[in-house]
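What follows is a short report on a single structure.
The values are calculated or read from the model by the stated rules, or taken from the named source; none is laboratory data. These numbers were taken from a predicted model, which means no experiment stands behind them. Neighbour counts run over all protein chains shown; Cβ positions are idealised from the backbone, glycine included.
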Amino acid sequence: MSSARKDPVEKPIIQLRITLDDVLPAVWRRLLVPGDIRLSDLHAVFQVAMGWTDSHLHSFSIGSKVFGAQYEDHPKEELDEKSVTLVEALGDLRRFHYAYDFGDCHPPPLRDHPSATSKGPPRPSARAGRL
């Protein structure tokens, strides 16, 4: 009897550089996240990375689509962020927009710049940043 061992499937890792819009000096973070992370989980990663408290509404604008948490009075064009992964939502796109705290517009929205994917550990991690 042979005990052939299967290697675990490596998941693509996406490097994101997130930057607060219209803030000088620039406030940014570089994160590594698994490509199969759901947008709802990416929201949680952004909250931790930026030191925010997840106490405001948010949305992802990716191409012509808007994804969010689908609260009671969400816009009808908003898609459920739990239903899609980052790589599914991005497709061939290289940038997207994450808005947080619509009321005061503070903190400003993030610009996200996914870079080339690589193989590696499927855990989110912060690689660099500036306050």
| request: Sort through S55, S61 and tell me the only one that's surrounded by fewer than 18 Cβ atoms within 10 Å (Cβ to Cβ) and within 19 Å of V84 (Cβ to Cβ). | output: S61
| note | Those residues of the stretch 75-101 which are modelled with pLDDT under 90, among the charged types (D, E, K, R) and in contact with a Phe, Trp or Tyr (Cβ under 9 Å, 6 or more places away or on another chain) amount to E78, D101
| request: Please verify whether the stretch 63-74 includes one or more residues that are of a type in the set (D, E, K, R), in contact with a helix residue (DSSP H, G or I) (Cβ under 8 Å, 6 or more places away or on another chain), modelled with pLDDT of 90 or more and in a strand (DSSP E or B). | output: yes
